[in-house]
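A quick write-up on the structure given underneath.
Each reported figure results from applying straightforward, stated rules to the coordinates on display, with no laboratory input. What you see is a predicted model, and the numbers here were worked out from it, not measured in a lab. Cβ sites come from the backbone with ideal geometry, for glycine too, and all protein chains shown count toward neighbours.
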Amino acid sequence: MRQKQTKTAIGGCALLTAAACATMQAPTTELSQLQRDLEQAERAGLAQSAALELRFANERLAGARLAIEQHEYEQALQLIEQANINIELAEERAAAADARATVTELKRRNDTLRRDLGLDEDRGQ
């Protein structure tokens, strides 16, 4: 008797899961937004400082498209979310690279100023 109840419960859960997946719509809006975000990131030049992250985002975009074709909408949403995280990481890496470049330039200017003021030999002054 207990085994029959377990099978019935499992069958009921499978039906609920199938029904939930059947009512889920393809995440085409999210996919379109991801495509626009990727294009914007590439136009902004993020590929120079965060090429790996953008490559991952593009791979996940391709995976999401395939998942949608196969009606695997939950998987497509997960891939879209991962791609968005990759884009955010690319933006942060690019910002960090810009900050490092700014620091390097400021150090160079400070060294030039020290040299011009004669403070290069004795940093204690």
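Nearest 0.05, what FRET efficiency do R65 and R100 give at R0 = 30 Å with Cβ-Cβ as r?
Details: r = 35 Å, r/R0 = 1.17.
Here the calculated transfer efficiency is 0.30.
Once you keep just the Cα pairs under 8 angstrom separated by 6 or more residues, what percentage relative contact order results for the stretch 21-125? Intermediate results must be reported in sequence, preceding the final value.
On the way: 82 pairs, mean separation 30.8, N = 105.
That works out to 29 percent.
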